[in-house]
1. So what is the 222 nm mean residue ellipticity for the chain from helices alone, if each DSSP H run of at least 4 adds -39500 (n - 2.57) and you divide by all residues, rounding to the nearest 500 deg cm²/dmol?
2. Let's see if you can work this out: charge +1 on each Lys and Arg Cβ, -1 on each Asp and Glu Cβ, no other charges. What is the dipole magnitude of the chain about its Cα centre, in debye to the nearest 20?
3. On a full-extension model of 0.36 nm per residue, what is the gain between S32 and L64, subtracting their alpha-carbon distance, rounded to one decimal in nm?
4. Expressed in nm to one decimal, what extension gain is obtained for the pair A25 and E78 from 0.36 nm per residue of sequence separation less their Cα-Cα distance?
5. If you roll a 1.4 angstrom probe over the protein chains with everything in place, what fraction of the accessible area of the chain belongs to carbon and sulfur, to the nearest %?
6. How much of the calculated P(r) for region 1-50 lies past 16 Å, in percent of all Cα pairs?
7. Do me a favour and compute the ellipsoid semi-axes for the chain from its Cα gyration tensor, root of five times each eigenvalue, largest one first, whole Å.
8. On a 0 to 90 degree scale, rounded to 10, what angle separates helix 70-88 from the longest Cα axis of the chain?
Amino acid sequence: MWRIFLTELEEECIRRIAAEKMIPAKSITLDSTLESLAIDSLDRVTLAFDLEEKYGVEIPEAKLHQITTVRDVAVAVEQALTKKQMTARGVHTA
């Protein structure tokens, strides 16, 4: 049986969703939709805010509207981290 290894960021997203919705983390996968986890628009904003605060990044509001799965949440944070690192190095991003 193949075992899927999650990144620390992916695990953090799953932990936060599990805690917020009071469901077992093991029941959440990267492909779980936010809708199937009963995450409404307010929950989505709260989750994004918490992750932005933890990682010191900003997820663009337009990106928030495109997020539909747990994987999308992790990717949005990862992209924001990449942008932050590039900006710190003096590389301008659009």
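The values are calculated or read from the model by the stated rules, or taken from the named source; none is laboratory data. Here the structure is a predicted model, which is why all the values come from computation and not from measurement. Note: ideal-geometry Cβ built from the backbone for every residue, glycine included; neighbour counts use all protein chains shown. Ligands, DNA and RNA are excluded from the accessible area calculation, which covers all protein heavy atoms including side chains. Shrake-Rupley method; radii C 1.70, N 1.55, O 1.52, S 1.80 Å.
1. -17500 deg cm²/dmol
2. 280
3. Using 0.36 nm per residue and subtracting the Cα-Cα distance, I get 9.9 nm.
4. 17.0 nm
5. Percent of accessible area from carbon and sulfur atoms in the chain: 57.
6. Here the tail beyond 16 Å accounts for 37 percent of pairs.
7. Semi-axes, largest first: 24, 16, 11 Å.
8. 20
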